[in-house]
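To keep things clear, I will list the structure first and then write my remarks on it.
The values are calculated or read from the model by the stated rules, or taken from the named source; none is laboratory data. Keep in mind that what you see is a predicted model, and the values were worked out from it rather than measured. All Cβ positions, glycine included, derive from the backbone under ideal geometry; neighbour counts span all protein chains shown.
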Amino acid sequence: MVAEIAEDSEERLDLIDCPVLVTERLVLRAPHFEDVDAIANLADNIRVAEMLSRMPHPYTKEHAVDFVRRANAGEIGKCVYAVTLAQSGTFVGCCGINYRRNRDDHAGDGRDTLEIGYWLGEPFWGKGYATEAAHALVDLVFRATQVEKLYASCRVSNIASRRVLYKSGFQYMTTGMMDSINAGNVPVERYTLDRRTWIGLRSWSS
């Protein structure tokens, strides 16, 4: 995926301090070791794992411990969030902002670009939480950086994730392939959202 980035934006990307994000129903914060049991419980689901490229299945408590450690050490993307319910603090999934090298099918000059990703545990599907979290990530990227385009992708078969991206203003860009540790080489749809579109949608109420 290729982004149109201002000349000084690579430095600006490093200035994102990944603040706690609060939405109407959610709090997005750094993963804690207290989340390990909930992460392992929700992630140990083939219906979740098969939609992601790097989530192993079966997913164990040891995997969750390693995930939290790496997330807090900055070894996974730029900002990694635990998605929790504002009223109860219940852990429901994860989301984040990742650096992404330009794709071969849209080759550019090799500079890093940004994309968002998310997953929720199955008991929390269909409640609009993923869309709410995606809106928060999009707002953070465009407010805290000079990036002109943001990217996202989903499995071709992931109808729910596609719906989240459309509700967040993303537009279809191309279809490609993703190497999944659970499903092999699988087709994915790639999407982009530009700053101009975000400005028109940023109230998220239209």
Search result, residues across segment 176-196 that are of a type in the set (S, T, N, Q) and loosely packed, with under 15 Cβ neighbours inside 10 Å: ASN185
Members of segment 112-149 found to be surrounded by fewer than 16 Cβ atoms within 10 Å (Cβ to Cβ), among the basic types (Lys, Arg) and either touching an Asp or Glu at 6+ places or on another chain (Cβ under 7 Å) or not in a loop (DSSP other than H, G, I, E, B) (or both), listed by number: ARG143
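Would you mind finding the one in TRP125, TRP119 that is within 30 Å of GLY89 (Cα to Cα) and without any contact (Cβ under 8 Å) to a residue 40 or more places away in the chain?
Values: TRP119 fails: without any contact (Cβ under 8 Å) to a residue 40 or more places away in the chain.
Going through TRP125, TRP119 in turn, just one is within 30 Å of GLY89 (Cα to Cα) and without any contact (Cβ under 8 Å) to a residue 40 or more places away in the chain: TRP125.
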Matching residues in segment 87-120 - criterion: being at pLDDT below 95 and among the β-branched types (Val, Ile, Thr): ILE97, THR113
Top-ranked residue in segment 157-175 [being touching an Asp or Glu at 6+ places or on another chain (Cβ under 7 Å) and polar (S, T, N, Q); ranked as surrounded by the most Cβ atoms within 10 Å (Cβ to Cβ)]: THR174
Close pairs from segment 63-77: first among the polar types (S, T, N, Q), partner assigned to a helix (DSSP H, G or I) and surrounded by 14 or more Cβ atoms within 10 Å (Cβ to Cβ), Cβ under 7 Å, at least 6 apart: none
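I want to confirm something. Restricting to segment 59-86 and keeping residues that are assigned to a loop (DSSP other than H, G, I, E, B) and within 16 Å of LEU21 (Cβ to Cβ), which single residue is modelled with the lowest pLDDT? Give the derivation first.
From segment 59-86, those assigned to a loop (DSSP other than H, G, I, E, B) are 59-60, 73-78, 86; that's our starting set.
Still in the running and within 16 Å of LEU21 (Cβ to Cβ): 77-78, 86.
On the way: GLY77: 73, LYS78: 78, ALA86: 98.
So the residue we want is GLY77.
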Residue in segment 150-168 that is in a strand (DSSP E or B), closer than 22 Å to VAL92 by Cα, of a type outside the set (A, V, I, L, M, F, W, C) and within 16 Å of the chain's Cα centre (by Cα) present: yes
